[in-house]
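Structure first, commentary second.
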Amino acid sequence: MDFTGKRIVLGVSGSIAAYKTPLLVREIIRRGGSVRVILTPSAAKFVSSLALQNLTKASVIVEMFDTSVQSGGSWHIHLAQECDAMIIAPASAATLARLATGLCDSALIAVAVSLPQEIPLLVAPAMDSDMWRHPTTQRNIKQIKADGAIIIQPDKGELASGLYGVGRLPETDVLANALANALSSSGSISRTETHYVSDEIVSMYAEKSSNPLQESVERDIWNVEMALEELKNSATDKRSTENNTHISLAELPVFRGKNVLITAGPTYEKIDDVRFIGNFSSGKMGFALAEAARTAGANVTLIAGPTQLATPEGVQRIDVVSAAEMFAVAAEHFQTADCAVLAAAVADFTPAEVSSGKLKKEALGEEVTLRLLRSPDILATLGKRKTGRQVVIGFALEAENEIENGRKKLHNKNADMIIVNSAAKPGSGFQGDDNTVVIISKFAADRPLPRMSKRECAAEIIKYAAELFG
Ligand code: CTP
């Protein structure tokens with residue numbers, strides 16, 4: 001689930017697990033959200049506020065009265081009012097005690113207590129298992145739950161003390177998913193109703209935490225270092241897209257009510273009834289584009305070649321098999337389309353003759369020559385047919401001279417925009433979940449995007465496509 005446009009306050013308190021928080025920050029940002037971090041003074045001993053500041057591109061609040069990072073006396077009220085959710089991870093035993101009693105002697109608790117009832121508050125305790133089991137901690141947890149916070153139960157596993165038991169901060173994906181669930185149900189659930197992550201989910205993740213202590217600490221540190229490195233790189237690469245990433249798709253009025261046609265996936269060209277010529281396209285990019293265009297308010301028709309992917313909600317899907325079928329359906333729907341995004345990996349050639357039944361080896365002999373004919377080029381045809389009010393966007397999968405070849409396709413196929421991706425680079429092209437593209441258009445300078453998930457990439461493409469309607 002993504003956090004596009006969501007503003008998250010992350011409170012970090014003094015538990016050794018605080019050193020894992022850059023991973024959570026990275027995950028929220030990766031899914032499109034923004035994060036403001038508040039550290040308790042003891043958390044600042046376990047995690048670098050400078051690192052968190054770099055990751056979040058915002059000052060990190062530690063002291064209640066530090067005027068260099070806050071302006072105005074009511075900053076805690078504004079922060080609490082303006083966020084979409086707050087998560088305290090890790091929450092130490094002391095922070096739980098403060099939260100349970102409303103003791104606002106730190107910036108973190110001051111914000112947590114100022115949070116309006118309809119804004120979800122998630123609390124992920126992490127401590128040694130004896131501290132976790134202590135009656136005072138359990139009493140505080142019960143109180144915090146009764147006050148409407150969502151408790152993310154700690155995992156079982158090796159603890160910093162060297163002991164084994166309950167108390168580990170759950171994995172980043174568990175925290176991020178709990179946050180996403182809370183955001184998707186906020187508005188329908190008020191904080192006065194008690195809700196928390198089920199014990200089954202917690203024990204499912206607890207199963208995973210049985211590595212020896214040394215190994216698990218090393219793995220965590222390695223993950224944090226990798227995440228920091230990746231974020232550092234993407235922060236540099238992202239400069240060219242900075243103006244775009246903070247806009248949410250729902251804020252793009254241009255696509256509202258527009259008819260958007262998208263082709264996705266491979267095509268299969270029949271040789272006989274059991275064999276075909278195809279390619280390795282997964283369809284993920286086209287499906288992500290359909291989802292993004294739908295989120296932006298468009299009426300989306302997704303023409304999909306053979307793929308097992310689920311249809312994005314609210315999207316009209318038409319399944320086809322061959323290039324000829326995809327062409328016929330696309331040409332028909334283009335008449336009423338405002339925008340066409342041709343993301344399918346259409347087979348360029350199709351067998352001249354299709355045999356019925358199954359061709360037998362004995363009858364074919366030792367060598368076979370297949371006569372292939374060029375299949376219709378959907379992008380080039382729609383590019384030729386487009387009127388002044390229609391926008392046509394294509395892809396270019398290139399193994400070399402990527403930009404130059406992409407530019408040729410932009411011109412030859414009369415497209416308004418071409419998304420160039422490399423067949424040679426890792427993190428680009430077919431099958432994977434990520435893509436690394438360069439957007440080229442007739443109207444703007446080339447826009448290289450850093451490696452990102454196909455869903456994020458689709459959102460970026462739709463945002464840039466909105467400019468074409470201007
Ligand atoms: N395309 C299409 N119909 C085809 C072939 C390609 O609509 N018969 C579209 C693709 O969906 C993509 C763009 O054209 O948007 C470029 O596809 P690509 O495979 O990169 O290039 P080709 O035009 O097929 O040329 P080549 O394979 O020689 O690079």
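Hey, can you tell me all the residues within the stretch 256-278 that are touching a Phe, Trp or Tyr at 6+ places or on another chain (Cβ under 9 Å) and either at pLDDT below 95 or more than 14 Å from the ligand (Cβ to nearest atom) (or both)?
LYS258, LYS270, PHE276
Identify the residue in the stretch 399-420 that is near the ligand (Cβ under 9 Å from one of its atoms) and closer than 14 Å to ILE439 by Cβ and, among all such residues, is surrounded by the most Cβ atoms within 10 Å (Cβ to Cβ).
ILE419
Within the stretch 369-385, track down each residue that is more than 13 Å from the ligand (Cβ to nearest atom) and touching a residue at least 12 places away in the same chain (Cβ under 8 Å).
Passing the criteria: LEU370, ARG371.
When residues of the stretch 386-398 are filtered for being at pLDDT below 95 and within 12 Å of the ligand (Cβ to nearest atom), how many remain?
So the answer is 2.
Among the residues of the stretch 330-361, how many are assigned to a helix (DSSP H, G or I) and either more than 12 Å from the ligand (Cβ to nearest atom) or under 18 Å from ASP273 (Cβ atoms) (or both)?
The qualifying residues number 3.
State whether the residues of the stretch 259-272 include one that is crowded, with 18+ Cβ neighbours inside 10 Å and of a type in the set (Asp, Glu).
yes
Of the residues VAL111, VAL47, only one is over 30 Å from PRO450 (Cα atoms) and outside any strand (DSSP E or B); which?
The unique qualifying residue is VAL111.
Is it the case, given these coordinates, that ALA458 is crowded, with 22+ Cβ neighbours inside 10 Å and more than 12 Å from the ligand (Cβ to nearest atom)?
In short, yes.
Which residue pairs have Cβ atoms under 6 Å apart, sit 6 or more places apart or on different chains, and have a first residue in the stretch 312-331 that is of a type in the set (S, T, N, Q) and a second that is at pLDDT 95 or above and surrounded by 18 or more Cβ atoms within 10 Å (Cβ to Cβ)?
Qualifying pairs under 6 Å: GLN316/THR301; SER322/THR267; SER322/GLU269.
For GLU118, indicate whether it is open to solvent by 70 Å² or more (accessible area, probe 1.4 Å) and either under 25 Å from LYS6 (Cα atoms) or in contact (Cβ under 8 Å) with a residue 60 or more places away in the chain (or both).
Yes: the conditions hold for GLU118.
Would you confirm whether any residue within the stretch 375-391 is within 22 Å of PHE276 (Cβ to Cβ), surrounded by fewer than 21 Cβ atoms within 10 Å (Cβ to Cβ) and of a type in the set (Asp, Glu)?
Yes; the residues of the stretch 375-391 include at least one that is within 22 Å of PHE276 (Cβ to Cβ), surrounded by fewer than 21 Cβ atoms within 10 Å (Cβ to Cβ) and of a type in the set (Asp, Glu).
The values are calculated or read from the model by the stated rules, or taken from the named source; none is laboratory data. Owing to the predicted nature of the structure, the values given are computational and were not obtained by experimental measurement. A quick note on method: Cβ atoms are made from the backbone with ideal geometry, for glycine too, and the neighbour counts reach across all protein chains shown. These area figures cover heavy atoms from the full protein model, side chains too; ligands, DNA and RNA do not enter into them. Shrake-Rupley method; radii C 1.70, N 1.55, O 1.52, S 1.80 Å.
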